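Chemist: Just passing along the structure, written as structure tokens.
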Amino acid sequence: MIGEVCRLRGSNFKRMPNPTSDTCHKTLSACTLMIEFQINLQRLTALSSASSQVRWVLSSWKNTLQVLWKDREEQIDILMRETVHDLVDACTEWLCACDESDVIAVVGAHLSAVLGELDNKESFLSSNEWDTEAELLEYYFDNIRPAVERACVSVQMPDKADEKGISPQDIWTTLLFRSCLWSLLPNFDELDVMVLPSRLMGSRLPVYILWGYTLYA
């Protein structure tokens, strides 16, 4: 959701070193994830009025991305990748203009909600009840999103979100949109893993890596 973009402009090369000690196996299609994201966002806005930021996300897809979109990642050309890169930068710029504490609160609430699901072996995300991008995104919008909004409202001043007209839903939607876009830019060799430096062997120092694939954890 907040992964740094390492892609070189004008390049279709996207292979990167794996920053973790676990092998990276992509079981979800980034192209399909974006389509399902847009379907669920349209479903959400059909039930209530959309904010200016949510309307921007919808229009970015309808007016800019949709005509360039490919069904499979291997079909992506430089034009589509450059457009995706532009929109990632636009999301980053908007998020940086928000109150930092609000963005951190939404990211933290999202991680807590997802990790809470994964820790519960009986939960939907931990089970084998889902195996498609459609099921995953529908669950995120119907369950993770409300949990994030409740968590953020409980710790914020009642009228704080109204100061700039930005709500937790605006931030969460932009973060998820950025994550779906970001996942199209890098790629990792399934056999590549980060070798732990010998100086860290046996260390009990906790290390946390936050990157774009947090969404699919």
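The values are calculated or read from the model by the stated rules, or taken from the named source; none is laboratory data. Owing to the predicted nature of the structure, the values given are computational and were not obtained by experimental measurement. When we count neighbours, we look across all protein chains shown, and the Cβ atoms used for this are built from the backbone with ideal geometry, even at glycine.
Per-residue answers, yes or no, for (1) touching a residue at least 12 places away in the same chain (Cβ under 8 Å); (2) surrounded by fewer than 12 Cβ atoms within 10 Å (Cβ to Cβ):
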| site | (1), (2) |
| --- | --- |
| Trp61 | yes, no |
| Leu65 | yes, no |
| Gln75 | no, yes |
| Glu93 | no, yes |
| Ala97 | no, yes |
| Glu100 | no, yes |
| Gly116 | no, no |
| Ser123 | no, no |
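Chemist: Sticking with this one: Inside the range 52-80, can you point out the residues that are modelled with pLDDT under 90 and not acidic (Asp, Glu)?
Modeler: Listed by number, the residues that qualify are Arg72, Gln75, Ile76, Ile78.
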